[in-house]
Amino acid sequence: MSRPGTSSLARGASLYVICVALAKVLGLVWIIPVTAIIGQTGNGIYGNAYAIYNILQQLATAGFPLAMGKLISERRANGERPVVEHIYRVTMRSLLVFSVCAFLIMWFGAPLFAHVISLKSGQASIVQNVPSIRAVSLMLLVVPAMSGLRGYLQGFQKLEGPAYSQTFEQLFRVIAMVVGAYLVVDVWHRDRAVDGAAAATFGGFVGGVAGLLLLIGFAWKLRCKERAFGYEDSPFRDRQILRMVYRLALPVSLGGLVVPIANLVDSWTVTNLLQATGQGYLQAVANYGILTRQAMYLVMLPMAFAYAIGVSVLPAVSAARARRSHQELQSSIVFTLRSMFLMSFPTSAALLVLSRPINEALFGTTAGSAIISTVSFMSIFASMELISTYILQGLGKMYRPVRNMFIGVGIKTALNFVLILTTHSVIGAALATTIGYLFSSLLNIAAVRKYSQVYFSVTRLMRPFFRASLVVAAVMFVVNWLIHWAYTTVLAVAPWRIGAIVQLLVAGGTGVLVYLILIVRSGALGDDELRSVPGVGRYLARFGRRFRKPRRSGTIRSRKYP
């Protein structure tokens, strides 16, 4: 019989995963209408502002929910309620101080940050970027408090508040961004790029306030009870509490800094290097916007799925390690990698082959299609890096993925200079980012093998998905070409956005069907594994039973867990 509360905790955890995935999808959806309003130059300005903000935001928020949740749940289990209250008060005070300091740094440092973005056209960069940098800095006044409240509620296993708040925040953020940009550009007729981008970045503050108010509502009843315990009886000093929190939060925050630092590297190098190759300032900013706000956002779509898998595999790996169960550990790692390959390979194939209709259907332009194709394989390596990071954290190796990710960022930074100056194009930055993810993901996989003592062949695990994706890429290419030929030759019309949508739906839908048939026929995933895939597992398992062919064994080799 399960323990009381187990089912409700499982429901809460499932709800949390679903809401986080939905929030990430909403965070990607906004780019389509906002791009149509503020244009590619506005996207570049928006990307520059967030590249700076994300560094400070990551430091303030990434590790605190995890650290507070873990410490509070442990102290509650031991009946140490004054310590719980002490942890809450000290952490929230430190977050408040950090948020004010980070806001002041970003607000008053905006001219300096903007000047670094383009050393050659410093004054133009300041005029364009300072309003957006200051607009997004307001988020630093609310986001750290949201982080602290999420960790507090997680410590009490009240996961509904943190789950709903993420979706609520993103929903209000997207609405405020689109409405704000529309009012500024189309109604008040202000500058499309500068003022439109500032209005879009301000939408993040609106979403943050909405999410914070919802979290305060969820925490209100709980705080009314917990304040009664006081913290005077806590045996710890404030410094000791802070040390406990930061010991857990720091490695997670450092690990989360890698992507923001990589984005900041692009923000400070791409525009400058493109200008060094002869491009004008506005053209360089527009190309940077295509890279960061169009190509990278599409490539990161599978990351919501990878995140959902990672959230579930971390506790499974931790539990298997604690029980010293080598078989459970092996099954968790291999299934996680298979599930990741299941989604990332066909996504890469679609981005590679259908980049033009995707770009036309979503953004109404063909500019950037070559960049999307160039970075298409990045989703495989980025997903593999994320998944392997969760596995290593489950194995207790918190700093190893951080080291590996910073090695990848170092490689990417060096290659930015080489490839942008060689290709005279932003495609050089796209290639550099892909290679950086390749190195860091391979280093992570090597660390997983070393510390888990589970020996598997990544090549063997990915082989059926790679083969199926090759066939799917060929099928989508032919279908896409036939539809395009029918438009231009048979119907004698120039296909534009509607035609691109038709190409995307027909070619993409055909590719999905062919891929599913090939995968279930190959036996790459069993019924149980298909059923365990988040969100669509039940339908995949039902589809698999119709086309199943016995799966060959021998995908992994293993030895006993020490």
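The values are calculated or read from the model by the stated rules, or taken from the named source; none is laboratory data. Note that the coordinates shown come from a computational prediction; the quantities given were computed from them, not determined experimentally. Positions of Cβ are generated from backbone atoms using ideal geometry, with glycine treated the same way; all protein chains shown enter the neighbour counts. Protein only, heavy atoms only, side chains kept; ligands, DNA and RNA dropped before computing areas. Shrake-Rupley method; radii C 1.70, N 1.55, O 1.52, S 1.80 Å.
Take the residues in region 187-204 that are in contact with a helix residue (DSSP H, G or I) (Cβ under 7 Å, 6 or more places away or on another chain) and open to solvent by 50 Å² or more (accessible area, probe 1.4 Å), then tell me which one is nearest to Ile37 (Cα to Cα).
The qualifying residue nearest to Ile37 (Cα to Cα) is Arg192.
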- Item | Residue identified as under 24 Å from Ser376 (Cβ atoms), at pLDDT 90 or above and open to solvent by less than 60 Å² (accessible area, probe 1.4 Å) among Ala500, Ala468, Ala446 | Ala468
- Item | Set Ser147, Ser121: member being over 30 Å from Gly79 (Cβ atoms), touching a helix residue (DSSP H, G or I) at 6+ places or on another chain (Cβ under 6 Å) and either in contact (Cβ under 8 Å) with a residue 60 or more places away in the chain or not charged (D, E, K, R) (or both) | Ser121
- Note on the structure: Residues in region 186-213 that are in a helix (DSSP H, G or I) and either within 18 Å of Ala286 (Cβ to Cβ) or of a type in the set (Phe, Trp, Tyr) (or both) total 9
- Note on the structure: Just one listed residue, out of Leu183, Leu214, is within 25 Å of the chain's Cα centre (by Cα), aliphatic (A, V, I, L, M), open to solvent by 20 Å² or more (accessible area, probe 1.4 Å) and at pLDDT 90 or above, and it is Leu214
- Take region 449-465 and flag every residue that is open to solvent by 30 Å² or more (accessible area, probe 1.4 Å) and either assigned to a helix (DSSP H, G or I) or closer than 23 Å to Val353 by Cβ (or both). Arg449, Lys450, Tyr451, Thr459, Arg460, Met462, Arg463, Pro464
- Scanning region 412-431 residue by residue, those farther than 13 Å from Leu274 by Cβ and crowded, with 17+ Cβ neighbours inside 10 Å turn out to be Lys412, Thr413, Leu415, Leu431
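Can you pull out every residue in region 326-353 that is small (Gly, Ala, Ser) and open to solvent by 30 Å² or more (accessible area, probe 1.4 Å)?
If the condition is that a residue be small (Gly, Ala, Ser) and open to solvent by 30 Å² or more (accessible area, probe 1.4 Å), then Ser331 is the only one that fits.
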- Query: Arg81 fails exactly one of the following numbered conditions: (1) among the basic types (Lys, Arg); (2) touching an Asp or Glu at 6+ places or on another chain (Cβ under 8 Å); (3) modelled with pLDDT of 90 or more. What is the number of that condition?
  - Reply: (3)
- Task: Tally the residues that are assigned to a helix (DSSP H, G or I) and farther than 17 Å from Gly151 by Cα, restricting the search to region 228-251.
- Result: 5
- Message: Looking only at residues that are over 14 Å from Leu213 (Cα atoms) and basic (Lys, Arg) in region 129-166, which one is most open to solvent (accessible area, probe 1.4 Å)?
- Response: Lys158
- Query: Just a yes or no: is a residue in region 107-118 farther than 26 Å from Ile45 by Cβ, in contact (Cβ under 8 Å) with a residue 24 or more places away in the chain and surrounded by fewer than 18 Cβ atoms within 10 Å (Cβ to Cβ)?
  - Reply: no
- Item | Number of positions in region 195-211 that are farther than 30 Å from Phe156 by Cα and within 26 Å of the chain's Cα centre (by Cα) | 8
- Just to be sure, is Tyr231 open to solvent by 50 Å² or more (accessible area, probe 1.4 Å), out of contact with any Pro (no Cβ under 7 Å at 6 or more places or on another chain) and in contact (Cβ under 8 Å) with a residue 24 or more places away in the chain? no
- Failed condition for Ala36, given (1) at pLDDT below 85; (2) among the small types (Gly, Ala, Ser); (3) surrounded by fewer than 20 Cβ atoms within 10 Å (Cβ to Cβ), with all others met? (1)
- Would you call Val184 of a type in the set (Val, Ile, Thr), within 17 Å of Gln40 (Cα to Cα) and touching a helix residue (DSSP H, G or I) at 6+ places or on another chain (Cβ under 9 Å)? yes
- Message: Can you tell me how many residues within region 83-106 are open to solvent by 50 Å² or more (accessible area, probe 1.4 Å) and either under 24 Å from Ser73 (Cα atoms) or acidic (Asp, Glu) (or both)?
- Response: 3
- Scan of region 395-452 for residues that are closer than 20 Å to Tyr297 by Cβ, over 19 Å from the mean Cα position of the chain (by Cα) and of a type in the set (Ser, Thr, Tyr), ordered by number: Ser425
